[in-house]
Amino acid sequence: MMKPKQIIAEAWTITKKEKRIRQWGFASTLLETLLEAKLVFWQVHFAYTYFTTGEVVQFFEIEEILYRALPFWLFLTIIILFILMVVIEFFLPKMCLGAIIGLSAKAYRKEELRGGLVLALYNFWPIFAIREIFVFSNITTTITIISLVLRYGGTGDFKYTAVGLVVFFWALSNILKFLASFGEEAIVIRKMGIFGAIGHSFKLIISYLSHVIFLILLLIMISLRILMNALMIFLIPSIAIGLGLLLTSFLPPVISYSLTTIISILLFFVFSYFLAYLHVFKQTVWTITYLELSQKKELDIILEENQQTAPIA
């Protein structure tokens, strides 16, 4: 089995060399960031309104403001595009993950990098299901659920109990997600079912924990990416809001808002380009590690089917 340093070096080589994998990584990173930025923007708006006015923002208040301020055709166009983008941002990254895992495995095995779209489509539903099983592990989703509970959970101790349960499920989901870290790889590479892939991942990580100590270092790297991603999610809306307020002081609102939107989109593209390297690198490390560990004999198997018991002396 390759040593951790060799795996990391090989993963970084593949990340730098294979443009096709980075393209899938860029698409995934951009869409995930856009979706998380929307959730963060909404929560910041709700929190700002609550702490400045003491009022609880209603669920469709922003849509009502747009409906009153814009012509109906423009309002309807914005709402349709918004819903369409949310659907794309929610589903497409799971498709990209199947392509990244499959192509990185092919790159590691020195095979031709073909079939990215097939890998994305064929593995979409299993990867989507395995990701949604651990939906509470996503900190942005957890914060959104806590915000909804605090705003609409009524009065009394019920909503605080509910918040405690959400935090508990967040911690539990992260533990289980770590043990199921090789689940997506098992689905794409070995075509296992959802629960079979999760069980296979549990067994690999528990059986060869001493061989995967470097996962701690990998988690640090993942935490770095999450930190950078979180900073980007908070930074870009902040820049957009600040720039919009600045431009409106000396430009007409339509022009200032248009320029702000264009600059924000460009910032998203630039940041997502660099984060795509980290995303692909992290996923390639997991893929190579899975391929290496899968070659080792499972610890709960004493004899293979094609092996015979040695005669007793």
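The values are calculated or read from the model by the stated rules, or taken from the named source; none is laboratory data. This one's a predicted model, so the numbers in the text were calculated from it and none came from an experiment. Backbone-built Cβ (ideal geometry, glycine too); neighbour counts: all protein chains shown. SASA here: full protein model, heavy atoms, side chains in, ligands and nucleic acids out. Shrake-Rupley method; radii C 1.70, N 1.55, O 1.52, S 1.80 Å.
Quick notes
- Out of Ile14, Ile65, Ile8, sole residue that is farther than 23 Å from Lys94 by Cα, at pLDDT 75 or above and not acidic (Asp, Glu): Ile8
- Put simply, of Leu278, Leu245, Leu259 the only residue that is at pLDDT below 65 and among the aliphatic types (A, V, I, L, M) is Leu245.
- Filtered residues of the stretch 1-47 (kept if outside any helix (DSSP H, G or I) and open to solvent by 60 Å² or more (accessible area, probe 1.4 Å)): Met1, Lys3
- Top-ranked residue in the stretch 76-117 [being free of Cβ contacts under 8 Å to residues at least 24 places away in the same chain and acidic (Asp, Glu); ranked as most open to solvent (accessible area, probe 1.4 Å)]: Glu112
- Set Lys110, Lys106: member being of a type outside the set (Gly, Ala, Ser) and not in a helix (DSSP H, G or I): Lys110
- Out of Ser207, Ser201, Ser173, Ser181, sole residue that is of a type in the set (Ser, Thr, Tyr), more than 22 Å from Thr141 (Cα to Cα) and at pLDDT 85 or above: Ser201
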